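Data first, discussion second: the structure below is written as structure tokens.
Values quoted throughout were computed directly from the atomic coordinates according to the rules given, and no laboratory measurement underlies them. These numbers were taken from a predicted model, which means no experiment stands behind them. We place every Cβ from the backbone using ideal geometry, glycine too, and count neighbours over all the protein chains shown.
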Amino acid sequence: MNLFKNINVCYVYVRNWEAAKKFYSELLGWPEAYSSDEVGWVEWGLPDQAHLAINRWDQDGEMPKGGTPKVVLTTADAFKTTEALRAKGIRCDDVIDIPGVVTYGGFYDPEGNRIEFASSND
């Protein structure tokens, strides 16, 4: 059984929210697939394809280094995926549910790199 269907979204952290939204909208010219100022998340891309997104960094201190987009895999059920990964001895974060938006979690490769996965709440 495959736990993941595809790459869902790659994202980068940003501090200057309004400038970043404008930059990526103008740079990409892609349709906005989802946007929430409240959540601090905007995605651009076509339906059923991988999206590029920005995630507002509201925390004190430095943003994660490198600027490399984070990979998010699509899964049918984030809770069941976490259970299956943990059963294989893979380190996972607890699942986070944003009602009406998304349910997501993350796991770590042997080097400590975090890979996320998400399931839709619609």
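Using the number of other C-beta atoms within 10 angstrom as an exposure proxy, rank I7, I54 with the fewest first. Each step should come with its number before you reach the end.
On the way: I7 13, I54 22.
If I rank by nearby Cβ atoms, fewest first, I get I7, I54.
Output the 0 to 90 degree angle, nearest 10, between the alpha-carbon long axis of helix 78-87 and the longest principal axis computed from the alpha carbons of the chain. That helix lies at roughly 40 degrees to the long axis. By the beta-carbon count within 10 Å of each Cβ, the least crowded to most crowded order of T74, T81, fewest first, is T74, T81.
One compactness figure for the chain is 1.08, namely its Cα radius of gyration divided by 2.2 N^0.38 Å. Per the Debye calculation on segment 1-60 with a single equal scatterer at every Cα and no solvent contribution, log₁₀ I(q)/I(0) for q = 0.12, 0.14, 0.15, 0.28 Å⁻¹ amounts to -0.31, -0.41, -0.46, -1.21. Need one number: % antiparallel among DSSP beta bridges in the chain, to the nearest 5. So the antiparallel bridges amount to about 70 percent of the total.
Around the Cα centre of the chain, unit charges on the Cβ atoms of Lys, Arg, Asp and Glu (plus for the first two, minus for the last two) sum to a dipole of about 400 debye. When shorter helices are ignored and each DSSP H run of at least 4 residues is given -39500 (n - 2.57), the per-residue value for the chain at 222 nm works out to -5500 deg cm²/dmol. Taking 0.36 nm per residue of sequence separation and removing the Cα-Cα distance, the D97/M63 pair yields an extension gain of 10.0 nm.
Helix 17-28 and the long axis of the chain differ in direction by around 90°, with both axes built from C-alpha atoms. Think of the chain as a dipole: +1 on every Lys or Arg Cβ, -1 on every Asp or Glu Cβ, centred on the Cα centre; then among T82, W17, H51, T82 lies furthest on the positive end. Across segment 75-122, Cα-Cα pairs farther apart than 15 Å form 39% of the total. Loop exposure criterion: trypsin sites (Lys or Arg not before Pro), DSSP state outside H, G, I, E and B, at most 16 other Cβ atoms within 10 Å. Applied to the chain, the longest stretch between such sites is 16-64.
The modelled label-to-label distance for the pair D37/A19, using points 7 Å beyond Cα in the direction of Cβ, is 1.8 nm.
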